[in-house]
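A short worksheet on the structure shown next.
The values are calculated or read from the model by the stated rules, or taken from the named source; none is laboratory data. Computed from a prediction, not measured in an experiment: that's the story for all the values here. Note: ideal-geometry Cβ built from the backbone for every residue, glycine included; neighbour counts use all protein chains shown. We work out accessible area using only protein heavy atoms, side chains counted, and drop any ligands, DNA or RNA first. Shrake-Rupley method; radii C 1.70, N 1.55, O 1.52, S 1.80 Å.
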Amino acid sequence: MFRRLLSLYLTIIMLFGVFIGNPLQIDESFTTAVSEYLEKKGVAGYLYSREGKYFYTASEPWQRALGFNSLYDAAAPYVVMFYDTERFDFEYENKDWRIQFWKGQYGWIFIGGEIGIYTKPTYRHINQYDCAEREDWLPMSFELVRFNHFSLFKTPHEKRWWCTGFIPGSLVIFSWRSQLKMNCVLTMKDAKMRTGFTKALTEKGYSYTIDGLDVHMVF
């Protein structure tokens, strides 16, 4: 079921991506109408930012019902999703937290990145996380950069559980995901949460800077 849903999403989003990219020189009024529709209504839980020129997830997309576990990443190549990912786990306020990052190839003609926030009760020992409830959303944003010099887009710094951005494009080869990097900023709830997250960053060898409750890091 998961793979079928993702395949449907990729098919629809790619078709609209062709219209937005307009490689066939489709009438400008048509592409404008499509982009306005995507900006307001979206498709399959995804919206389009005409200002930033990227696709992103709505605040309450259908994916929330799925929660998250590591099997989803294992299945990704079967739906033409080739990305790097990193998970940072820590405990805070009697919950197990997972903040996960992704960047890479999404379908045949899209590249992008994601930051997701997930929680589960500490007594749940299986590796199944829930998408963070609204009270656990965090202000976060990222800039997607290619080849260390070319900024592809920036997401606004807003409170949410899933920060995403995708644009039409392709990696030189799907295995070369290091050509993309994400300059990320996440705002923690308090100093205790900041300590838990930065400790998880340090344990996996990531550097970061702190500005109040803001944590700046590169993925």
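Among residues that are open to solvent by 10 Å² or more (accessible area, probe 1.4 Å), acidic (D, E) and either in a helix (DSSP H, G or I) or at pLDDT 95 or above (or both), E51 is not included. I111 - would you say it is farther than 19 Å from G196 by Cα and part of a strand (DSSP E or B)? So I111 fits the description; yes. Scanning the stretch 160-198 for residues that are touching a residue at least 12 places away in the same chain (Cβ under 8 Å) and loosely packed, with under 12 Cβ neighbours inside 10 Å yields S175, D190, A191, K192. Summed over the stretch 73-90, the residues that are part of a helix (DSSP H, G or I) and either crowded, with 16+ Cβ neighbours inside 10 Å or among the aliphatic types (A, V, I, L, M) (or both) give a count of 4.
Applying the criterion of being of a type in the set (V, I, T) and touching a Ser or Thr at 6+ places or on another chain (Cβ under 7 Å) to the residues of the stretch 88-115, the residue that is farthest from Y72 (Cα to Cα) is I109. Is it the case that the stretch 212-219 has a residue that's modelled with pLDDT of 95 or more, over 24 Å from E60 (Cβ atoms) and of a type in the set (D, E)? Yes: the stretch 212-219 contains one or more residues that are modelled with pLDDT of 95 or more, over 24 Å from E60 (Cβ atoms) and of a type in the set (D, E). State all residues of the stretch 123-157 that are under 28 Å from L171 (Cβ atoms), open to solvent by 30 Å² or more (accessible area, probe 1.4 Å) and either of a type in the set (D, E, K, R) or assigned to a loop (DSSP other than H, G, I, E, B) (or both); if no residue qualifies, say none. Those that are under 28 Å from L171 (Cβ atoms), open to solvent by 30 Å² or more (accessible area, probe 1.4 Å) and either of a type in the set (D, E, K, R) or assigned to a loop (DSSP other than H, G, I, E, B) (or both): E143, R146, F147, N148, H149, K154, P156, H157.
Among residues of the stretch 99-121 that are under 26 Å from F150 (Cα atoms), those with a Cβ under 6 angstrom from a residue that is of a type in the set (S, T, Y) and open to solvent by less than 10 Å² (accessible area, probe 1.4 Å), sequence gap 6+ or separate chain, pair up as G112/Y106; E114/T164. Just one of the numbered conditions (1) open to solvent by less than 30 Å² (accessible area, probe 1.4 Å); (2) more than 17 Å from V185 (Cα to Cα); (3) in contact with a strand residue (DSSP E or B) (Cβ under 7 Å, 6 or more places away or on another chain) is not true of K95: (1).
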